[in-house]
Ligand SMILES: *[C@@H]1O[C@H](CO)[C@@H](O)[C@H](O)[C@H]1NC(C)=O
């Protein structure tokens with residue numbers, strides 16, 4: 001049986017060879033400049049990340065962008081003309097992706113050989129993750145309820161778990177909601193979600209938190225995009241829906257611009273061909289409605305919401321739409337710093353310390369985000385969390401997964417304890 005699984009994985013892998021060819025000759029550049037200039041690139045190019053250029057100086061961002069050979073002809077002169085300094089960080093993206101894939105293939109084989117139901121040194125497919133959730137539901141029925149929350153646009157079952165010692169019936173307990181892989185290519189986020197589940201359920205690593213908090217954890221919020229990023233296009237970010245104009249050429253919606261908070265107020269987000277397309281209407285995406293409903297069903301008790309993203313080492317809070325702070329801004333900052341400090345204490349020496357701050361001040365304005373929407377409907381503590389990428393961007397090698405899941409769990413624990421002190 002095990003041999004069979006290994007043989008078929010290899011077969012699948014060889015069948016899909018060549019899918020990185022579309023990135024042959026694409027290069028990655030670090031671009032530095034004023035926040036507004038960097039933000040504008042998001043509407044034109046594939047912006048892989050942005051973060052403050054230095055910790056002391058605000059308003060200047062470092063971004064990583066991907067440029068095809070023809071984009072280079074247009075954009076390198078543009079950067080120069082606009083005072084944006086730039087440097088090459090990857091010569092050939094296709095090569096980088098082939099290296100990543102080879103590493104992941106061997107990590108999958110090793111993980112299968114180990115015979116463990118899950119290990120923290122490889123990446124899993126959506127089906128495997130769903131199966132793991134179901135197996136936890138079967139093994140820990142008193143603690144774990146697997147919710148079949150609905151189908152993705154392409155018909156995949158979106159599952160999440162509720163973890164509760166009181167079947168979600170004790171209305172005095174706070175609820176913590178965590179989602180991952182809203183952005184498909186951010187592969188390190190599902191392992192972090194799965195590890196939190198594992199610590200709460202299997203290890204009982206913080207039994208008081210399993211006991212005193214009700215948890216909702218959605219490990220793969222955007223399964224269509226996630227699978228597409230494995231099989232077809234490693235850098236795919238959006239959903240795979242085709243319910244909008246121009247969807248044949250430019251399918252998919254940015255799930256983290258699809259929430260109903262200042263949705264539809266920025267022209268750039270209305271273009272389906274950008275990586276930040278907000279969709280034909282707020283909550284047009286079934287995947288995003290799953291998150292919406294999980295939050296709304298527990299609105300009275302929802303105390304902390306974390307959307308796991310990759311990468312950049314940041315806890316970002318509202319309001320992203322205008323850069324002002326919600327009424328509980330101080331508490332938001334304090335809880336964010338508490339989580340970030342717990343993570344930094346365990347981080348690798350080469351990791352950048354976490355930055356905690358208002359999303360628009362740290363980076364730039366955004367609309368339709370889950371962080372702002374959840375805050376606006378009344379969840380007190382809500383964050384976009386950018387996990388570490390080190391020098392690997394989204395291509396976090398499997399051998400770093402354990403480090404990232406372990407340190408992030410320390411942050412989650414600290415966040416949950418913060419919530420309990422507020423109650
Ligand atoms: C900023 O946006 C928030 C959220 O919509 C809103 O409550 C607040 O009034 C806005 N502040 C300003 C100064 O526009």
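The values are calculated or read from the model by the stated rules, or taken from the named source; none is laboratory data. All values derive from a computational prediction rather than experimental measurement. Counting neighbours? That spans all protein chains shown, and the Cβs are built from the backbone with ideal geometry, glycine included.
A few notes on this one:
- Out of 84, 97, one residue alone is at pLDDT 95 or above, surrounded by 12 or more Cβ atoms within 10 Å (Cβ to Cβ) and touching a strand residue (DSSP E or B) at 6+ places or on another chain (Cβ under 6 Å). It is 84.
- Filter result for the condition that a residue is buried (at least 17 other Cβ atoms within 10 Å of the Cβ) and in a strand (DSSP E or B), over 356, 419, 379, 396: 356
- Taken over segment 64-85, the criterion of being within 16 Å of residue 34 (Cα to Cα) and under 26 Å from the mean Cα position of the chain (by Cα) is satisfied by 64, 65.
- The set of residues from segment 309-321 being within 16 Å of the ligand (Cβ to nearest atom), closer than 23 Å to residue 238 by Cβ and assigned to a strand (DSSP E or B) comprises just one member, 316.
- Selected residue [under 24 Å from residue 401 (Cβ atoms) and in contact with a helix residue (DSSP H, G or I) (Cβ under 9 Å, 6 or more places away or on another chain)] from 336, 357: 336
- Checked against the criterion of being part of a helix (DSSP H, G or I), in the same structural domain as residue 365 (by TED's automatic domain parsing) and within 16 Å of the ligand (Cβ to nearest atom), segment 322-334 contains one or more residues that satisfy it.
- Residues being surrounded by 17 or more Cβ atoms within 10 Å (Cβ to Cβ) and under 21 Å from the mean Cα position of the chain (by Cα) - total across segment 122-145: 9
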